There are 2 protein chains.
Amino acid sequence: MTADAQISRIKPGRRTDIRRENERVILDAAEKVFAEAGFGGATMQLIADMAGLPKANLHYYFATKEDLYRKVVQQIFEIWLDAAMLFDDAPGPVEGIGGYIDAKMDISRTHPHGSKVWASEVMHGAPVIQDYLETTLRDWTEGRIKAIQRWIDEGKMRPVNPRHLLYMLWATTQHYADFGHQIQTLNDGKPLSDRQWQEAKASVKELVLRGIGAI
Amino acid sequence: MTADAQISRIKPGRRTDIRRENERVILDAAEKVFAEAGFGGATMQLIADMAGLPKANLHYYFATKEDLYRKVVQQIFEIWLDAAMLFDDAPGPVEGIGGYIDAKMDISRTHPHGSKVWASEVMHGAPVIQDYLETTLRDWTEGRIKAIQRWIDEGKMRPVNPRHLLYMLWATTQHYADFGHQIQTLNDGKPLSDRQWQEAKASVKELVLRGIGAI
DNA sequence: CTTCACTTTGACCATACGGTCAGGAAATGA
DNA sequence: TCATTTCCTGACCGTATGGTCAAAGTGAAG
């Protein structure tokens with residue numbers, strides 16, 4: 001992070017880069033603090049300390065706490081949408097759903113904070129991203145349901161309710177991020193190792209793919 | 001709720017009942033507010049308004065905000081533990097796991113607030129219930145893993161990783177409470193009907209039981 | 001060097017929050 | 001009736017928080 005800052009300041013170092021870099025540092029800090037303390041429990045001072053900047057500087061880049069929070073939520077949503085592309089262009093459920101599980105599990109490992117912020121936002125009634133749920137997410141969901149239904153019609157999987165299958169995919173994959181602390185506690189207090197993450201991915205994939213009769 | 005208050009005030013109406021009743025009203029209000037706003041976003045004033053009592057009265061029954069919060073978390077944990085009894089005394093996975101799914105799905109419908117408070121608590125690193133995770137939950141989990149392993153050894157289900165199976169059960173069932181708002185939004189803004197809840201339970205049970213090769 | 005836009009920040013403010021407390025009301029038992 | 005315990009609550013307090021602002025710092029362009 002610090003190294004990046006120095007690099008970007010040396011190489012094409014311009015005013016724009018200062019802004020871009022600081023916004024990134026602040027967003028990363030905010031994601032972590034919002035995840036660990038919730039929106040209400042997070043303070044601008046905590047985020048500032050985590051980012052290594054004075055509090056007033058945060059308000060120079062982000063007008064309000066809500067504004068900063070909104071950007072954090074949008075970020076994780078876009079990451080998930082990108083990963084969801086694996087669903088398309090897949091010939092069948094093994095590649096489509098299996099690949100989607102892989103991607104979402106990887107995100108749960110690399111972006112646990114973002115996942116928690118999203119979960120918290122939805123649990124509180126989605127006050128700032130309700131429009132996303134009603135537009136982008138709804139459209140995406142309907143599209144995926146159609147894809148699953150096609151696989152069912154083609155006999156590539158059993159006739160399960162596509163909607164509840166999607167919920168299960170979301171729930172199961174995000175659980176490893178949102179409830180990571182509980183999982184770690186039940187793992188003798190240690191984070192899952194590489195091998196254990198592989199095991200988790202394999203277990204989830206097998207349970208789901210066998211559950212829908214794709215293998 | 002009001003009726004209960006009147007009844008309990010008339011029937012065996014004693015000092016103890018006033019305390020019991022008020023504590024219940026406050027706990028119910030607190031559960032809802034903590035679920036909707038998070039610990040940091042919840043205020044004693046909001047809880048007091050929801051309970052229909054002056055704020056100072058809350059502090060008469062519960063010393064601090066943390067104290068009140070702790071009681072709320074303990075409550076949902078006990079409800080879940082009770083439901084988990086269905087796991088025991090079951091001859092096989094169809095009854096044991098199937099019954100557990102039924103029970104947890106019912107709780108997700110009847111106690112969505114408690115589930116959200118628990119999720120929020122764990123996501124924030126379980127600051128107040130870490131000891132529960134390390135003792136009661138860990139013991140319960142180990143016991144259930146043994147039970148599942150026994151079913152596997154008896155050939156009643158496929159050899160899946162019991163730990164990840166449990167995580168899937170928790171994730172999937174609690175998803176219907178924790179992400180209820182998202183599910184409702186994707187259901188044209190309407191809460192799931194009785195029929196839709198039946199469909200959800202059936203889908204989850206079939207996916208899981210088929211996934212583990214129990215049906 | 002001067003200019004000018006962009007960035008930084010310590011000091012400050014109004015508000016809202018958790019919690020306290022004194023004094024009164026209500027219930028109970030003798 | 002009176003004493004005692006329990007319950008109730010408006011008013012109050014110290015603190016922490018989100019946000020503001022004026023003044024200073026910085027560096028590229030002319």
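The values are calculated or read from the model by the stated rules, or taken from the named source; none is laboratory data. Since we're looking at a predicted model, the values are computed, not measured. Don't worry about glycine lacking a Cβ; one is built from the backbone with ideal geometry, like all the others, and counts go over all protein chains shown. Only protein heavy atoms, including side chains, enter the accessible area calculation; ligands, DNA and RNA are left aside. Shrake-Rupley method; radii C 1.70, N 1.55, O 1.52, S 1.80 Å.
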## Note on the structure
Nearest 10, in degrees from 0 to 90: the angle of helix B:162-178 to the longest Cα principal axis of chain B is 40
### Query
In degrees, nearest 10, range 0 to 90: what is the angle between the Cα axis of helix A:65-83 and the longest Cα principal axis of chain A?
40
### Percent of alpha-carbon pairs separated by more than 25 Å within chain B
49
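Counting other C-beta atoms within 10 Å, and keeping those with at most 14, which DSSP coil GluC sites (Glu not before Pro) do you find in region B:106-180? Spell out each step's value before the answer.
Details: sites: B:Glu121, B:Glu134, B:Glu142, B:Glu154; in loops: B:Glu154.
Sparse-neighbourhood loop GluC sites (Glu not before Pro): B:Glu154.
So what is the relative contact order for chain A, in percent, with contacts set as C-alpha pairs under 8 Å and at least six apart? Working shown, then result.
Details: 163 pairs, mean separation 44.5, N = 215.
Taking the mean separation of contacting Cα pairs over the length of chain A, I get 21 percent.
In whole percent, how big is the carbon plus sulfur part of the accessible area of the protein assembly as shown, probe 1.4 Å, protein atoms only? Walk me through the numbers before you get to the answer.
Numbers: 10220 of 19800 Å².
Result for the protein assembly as shown: 52 percent of the exposed heavy-atom area is carbon or sulfur.
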### Message
Taking 22 Å as R0, compute the FRET efficiency from the Cβ-Cβ separation of B:Glu23 and B:Glu66 and round it to 0.05.
### Response
0.85
### Query
Roughly what would the spin-label model give for B:Asp153 and A:Ala84, points 7 Å off Cα along C-beta, in nm?
4.5
### Task
For region B:70-211, please report how many Lys pairs fall under 29 Å Cα to Cα, leaving out neighbours fewer than 8 apart on the same chain.
19
### Copy-to-copy label separations for A:Val128, where each label sits 7 Å from Cα toward Cβ, in nm and ascending
2.5
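Expressed as a whole percent, how much of the Cα-Cα distance distribution for the protein assembly as shown exceeds 36 Å?
More than 36 Å apart: 31 percent of the Cα pairs in the protein assembly as shown.
Enter the buried accessible area of the B/A pair, total of both sides, probe 1.4 Å, in Å² rounded to the nearest 100.
On the way: alone 12270 and 12250 Å², together 19800 Å².
Chains B and A together bury roughly 4700 Å² of accessible area.
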### Query
Relative to the longest principal axis of chain A, what angle (0 to 90°, nearest 10) does the C-alpha long axis of helix A:138-153 take?
20
### Summary
Residues hit by the 50 Å² burial cutoff in region B:167-194, accessible area with a 1.4 Å probe, assembly against chain on its own, are B:Tyr167, B:Met168, B:Ala171, B:His175, B:Phe179, B:His181, B:Gln182, B:Thr185, B:Leu186
## Note on the structure
Here the FRET efficiency for A:Lys190 versus A:Lys146, based on Cβ atoms and R0 = 45 Å and rounded to 0.05, is 0.60
### Task
Could you provide, to the nearest whole Å², the per residue accessible area of region B:70-211 with probe 1.4 Å?
40
### Summary
By the C-alpha gyration tensor axes a ≥ b ≥ c (rounded if a/c is under 1.5, else prolate when a/b exceeds b/c, else oblate), the shape of region B:104-151 is oblate
### Query
Taking θ as phi - 60°, what are the ³J(HN,Hα) couplings along region B:86-91 by the Karplus curve (6.51, -1.76, 1.60), each to the nearest whole Hz, with x for Gly and Pro?
4, 5, 6, 6, 8, x
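How big is D, in µm² s⁻¹, for region A:140-215 by Stokes-Einstein at 25 °C and 0.890 mPa s if Rh is the Kirkwood radius over C-alpha pairs?
D = 176 µm²/s.
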